[in-house]
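Okay, structure first, notes after.
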Amino acid sequence: MDKKKIVMFGSYVADLTGRAPHLPKAAETVFGDEFKMGPGGKGSNQAVAAFRAGADITVVTKIGKDVFGELFLDFYNNEGMATDHVLQDEEKGTGIALICVDEGTGQNQILVVPGACTNFTDADLEEMRSLLREADILLMQFEVNLDALEKVMRMAKEENVTVVLNPAPARDIGKDILAMCDIITPNEVEAEALSGVAVTGEKSARQACGVFHAMGIPHVIITMGKLGVFVSTPDGDRMVPARIVDAVDTTGAGDAFNGGFVAGIAEGMDMFGATEFGNVVASLSVQKFGTAPSMPHRAEIDKVFCRERE
Ligand code: RIB
């Protein structure tokens, strides 16, 4: 199969995760049962999901010279993922995320301190152009400094690369920047922050998509958890149902979806097919603990995805 080449420009952070009977409220201290440190960051999680799904993906991220950066390098080396385009900051440390997981519901709370990932300099971006010249798809999120994100997006447009933006976590950003996206994949909260439409179901999702289309974005994919994913393209729109499974940890479910989705696009699936593929990846990842380590491999994905297509 002739797969398109993907470049992921985004974050890596170390996830410091505790599991507890319930999530702490403001000013509350809760006893946890278990602690784990593992590889995370929305960018890296999405890249790992795409890689395990079989995509040809190059990772551009930035780490610090510290133990969290070493964790990243060990994980990528074990995965067989290349680190040639991973930058190291001289001063800022590797980003971290403090994550609490409710062991009853699998829901989470995240405080992310992106560290080195918010310090991409112009010098760091110099080799992006040659990478993009060889690429077909650029995948990005919002856990980097936005001036760098904008420059990389402009380069991608100049090199005719398809720009896929997962606008997470929600941030204030100019419409002129959003207009450079070919595909945008917000969740319902991010869709509201960027479009001004409160997304609660199919009708409001369609309205929010109208706002994104008016900005100039042709393909809008709004993920809405158990409600499903609303897909809106120039050829039509519809809700793709969610896959209901017993979740033990929903942290990184959106990343699993995005990684799977972009891997599907790179294989030539249309927006609806890639969304179904992304849904399978996400449903498998939430049945395991952790973020990047919970991403399923292609054989596991195919057991579900191919069986349902037969
Ligand atoms: O989307 C989940 C990710 O967000 C976590 O891995 C954490 O690192 C934060 O960046």
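The values are calculated or read from the model by the stated rules, or taken from the named source; none is laboratory data. The model shown is predicted, which means the values in this text are computed figures rather than measured ones. Virtual Cβ from ideal backbone geometry, glycine too; neighbours counted across all protein chains shown. All accessible areas refer to the heavy atoms of the entire protein, side chains included, with ligands and DNA or RNA removed. Shrake-Rupley method; radii C 1.70, N 1.55, O 1.52, S 1.80 Å.
Compute the accessible area per residue over the chain, keeping the other protein chains in place, probe 1.4 Å, unit Å². Don't skip to the end; give the middle numbers.
Details: 13300 Å² over 310 residues.
So the chain comes to 43 Å² accessible per residue, rounded to a whole number.
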Limiting things to C-alpha atoms, what are the Rg and the maximum Cα-Cα separation (Dmax) for the stretch 156-198, in angstroms? 10.9, 35
In nm, to one decimal, how far is the Ala214 label point from the Lys151 one, both placed 7 Å along Cα→Cβ? 3.4 nm
Counting only protein heavy atoms with a 1.4 Å probe and every protein chain in place, the carbon and sulfur fraction of the accessible surface of the chain in whole percent equals 51 percent
Given +1 on the Cβ of Lys and Arg, -1 on the Cβ of Asp and Glu, and no further charges, what dipole in debye does the stretch 3-131 carry about its Cα centre, rounded to the nearest 20? 500 debye
What residues qualify as long-range amide H neighbours of Ile63, i.e. H under 5 Å apart, gap of 5 or more or another chain, H built at 1.01 Å from N? Leu87, Gln88, Asp89
Under the rule of at least 5 residues apart or a separate chain, name every residue whose amide H is placed under 5 Å from the amide H of Val240. Val229, Phe230, Val231
Quick one: Cα centre-to-centre distance for the stretch 178-202 and the stretch 17-49, in angstrom? 25 Å
Kindly flag which residue pairs out of Lys92/Lys288; Lys5/Lys92; Lys42/Lys92 have an alpha-carbon separation exceeding 21 Å in this structure. Lys92/Lys288; Lys5/Lys92
For the stretch 43-48, take each phi angle, set θ = phi - 60°, evaluate the Karplus expression 6.51 cos²θ - 1.76 cosθ + 1.60, and give the result in whole Hz per residue in order, putting x for glycine and proline. x, 5, 4, 5, 5, 5
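Report the far tail of the P(r) of the chain, meaning the percent of Cα-Cα pairs longer than 34 Å.
On the way: 7366 of 47895 pairs.
Result: 15 percent of Cα pairs exceed 34 Å.
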Would you mind checking which residues have amide H under 5 Å from Val7's amide H? H placed 1.01 Å from N; only 5 or more apart, or other chain. Thr58, Asp136, Ile137, Leu138, Leu139
State the extension gain, in nm to one decimal, for the chain segment bounded by Ala20 and Lys65, taking 0.36 nm per residue of separation less the distance between their alpha-carbons. 13.1 nm
With R₀ set to 35 angstrom, the calculated FRET efficiency between the beta-carbons of Leu111 and Asp270, to the nearest 0.05, is 0.40
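Order Arg52, Arg129 by their accessible area, 1.4 angstrom probe, all chains in place, largest first. Provide the component values of the computation, followed by the final result.
On the way: Arg52 25, Arg129 75 Å².
Ranked list, largest accessible area first: Arg129, Arg52.
Treating the beta-carbon of each Lys and Arg as +1 and of each Asp and Glu as -1, no other charges, what is the dipole magnitude of the chain about its Cα centre, to the nearest 20 debye? Write down the numbers at each step before the final one.
Details: 28 positive and 46 negative charges, 126 e Å.
The dipole of the chain has a size of about 600 debye.
How large is the charge dipole for the stretch 206-310, taken about the Cα centre, if only the Cβ atoms of Lys, Arg (+1) and Asp, Glu (-1) carry charge, to the nearest 20 debye? Write down the numbers at each step before the final one.
Numbers: 9 positive and 12 negative charges, 36 e Å.
Value, rounded to 20: 180 debye.
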